[in-house]
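The values are calculated or read from the model by the stated rules, or taken from the named source; none is laboratory data. Being a predicted model, the structure only gives us computed values, none of them experimental. Neighbour counts run over all protein chains shown; Cβ positions are idealised from the backbone, glycine included. Calculation scope for accessible area: heavy atoms of the full protein, side chains included, ligands and nucleic acids excluded. Shrake-Rupley method; radii C 1.70, N 1.55, O 1.52, S 1.80 Å.
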Amino acid sequence: MTLAGWDIPDLEALMRTVLRLSLRAELGDDWLKHLPAHVGRLIEDNAKLAARKRPQEQLRGPWDAAGMPTIRALLAWKLPIALNAIWPDPAHAEVDLSRLASARDKRAHVVGPPLGQITEDEVAAMVTRLRVGFEEVRRRLEGEVGDWWPYLASVHSNVVELCWERSSGWAGRTTTLNEGDLVTLDVVGVNPNGPTEDLRYDFRCIQSGGVQAGLAWDESNSFRFEVPRCRTLLVKVSVGTAYDIANVDTAKRQLPVRPSD
């Protein structure tokens, strides 16, 4: 999976979650009311645009639609204390966020490379650094303790109900799969202790009454399958590393299946 796909939007989603948690801790449950007017207008504009262009998405509130320009505007106004471990001041945050915005725009609107554009490897390294930093803050704010192993950041699918994010869980309500449908899954894994290239993935599609075999690791994070004839289907994805496949992170969801005849 490339940066042109989901790396930066996934990072935006994580940033929104962490900013919600940290500003709620500092300003209270009504933290949105404390934002300056220009940031509030950006949030409202983002929410209206999302409702018009992506009406199928279920948002918990207008903040869930906030994009990189809105996040930049908010952090220019106030850098939450919890983010001091990532950026010492708003100026450092702006350097990273401006680069992320440029990279995101470049992928959304392909034009000639702008003067001084940072390389793909630099973007990837920055996204990984920020993703790990924000995830560490999220875990601290939500009281998650324990060792930190490779983990799933998100799962993307052509079936909305099989889309998953670490900060919010599974998307949508339980749906019914149709026998014979082609389902795609793209998994985003993060290795906080080493290079992304060390990650290995396991995919399971277990029919009702079926027996789960041992893990079979693969370097690919993309999976495709046709929905078989069965009553229910358990979809399960896991991530580990080539050097430590004992400590894995897993997400799974079981959905009913409608027969073709």
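Below is a table of values for the structure above.
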item: Residue within segment 167-177 that is more than 20 Å from LEU11 (Cβ to Cβ), part of a loop (DSSP other than H, G, I, E, B) and out of contact with any strand residue (DSSP E or B) (no Cβ under 9 Å at 6 or more places or on another chain) present; result: yes
item: All positions within segment 219-261 that are of a type in the set (Asp, Glu) and either closer than 15 Å to ASP202 by Cα or in contact with a Leu (Cβ under 7 Å, 6 or more places away or on another chain) (or both); result: GLU219, GLU226, ASP244, ASP249
item: Test: residue in segment 144-164 that is out of contact with any strand residue (DSSP E or B) (no Cβ under 8 Å at 6 or more places or on another chain), assigned to a helix (DSSP H, G or I) and open to solvent by 30 Å² or more (accessible area, probe 1.4 Å); result: yes
item: Residue count, segment 211-261 (criterion: at pLDDT 90 or above and either under 25 Å from THR196 (Cα atoms) or under 23 Å from the mean Cα position of the chain (by Cα) (or both)); result: 21
item: Whichever residue in segment 94-125 is of a type in the set (Asp, Glu) and either in contact with a Ser or Thr (Cβ under 6 Å, 6 or more places away or on another chain) or modelled with pLDDT under 90 (or both) and, among such residues, is surrounded by the fewest Cβ atoms within 10 Å (Cβ to Cβ); result: ASP121
item: Residues that are open to solvent by 30 Å² or more (accessible area, probe 1.4 Å), assigned to a strand (DSSP E or B) and either under 17 Å from GLU136 (Cα atoms) or hydrophobic (A, V, I, L, M, F, W, C) (or both), drawn from segment 178-200; result: LEU182
item: When residues of segment 75-93 are limited to those that are in contact with a Pro (Cβ under 8 Å, 6 or more places away or on another chain) and part of a helix (DSSP H, G or I), the one most open to solvent (accessible area, probe 1.4 Å); result: TRP77
item: Matching strands (runs of 3 or more DSSP E) fully within segment 201-260 where at least 1 residues are open to solvent by less than 60 Å² (accessible area, probe 1.4 Å) and under 24 Å from ASP147 (Cβ atoms); result: 232-241, 244-258
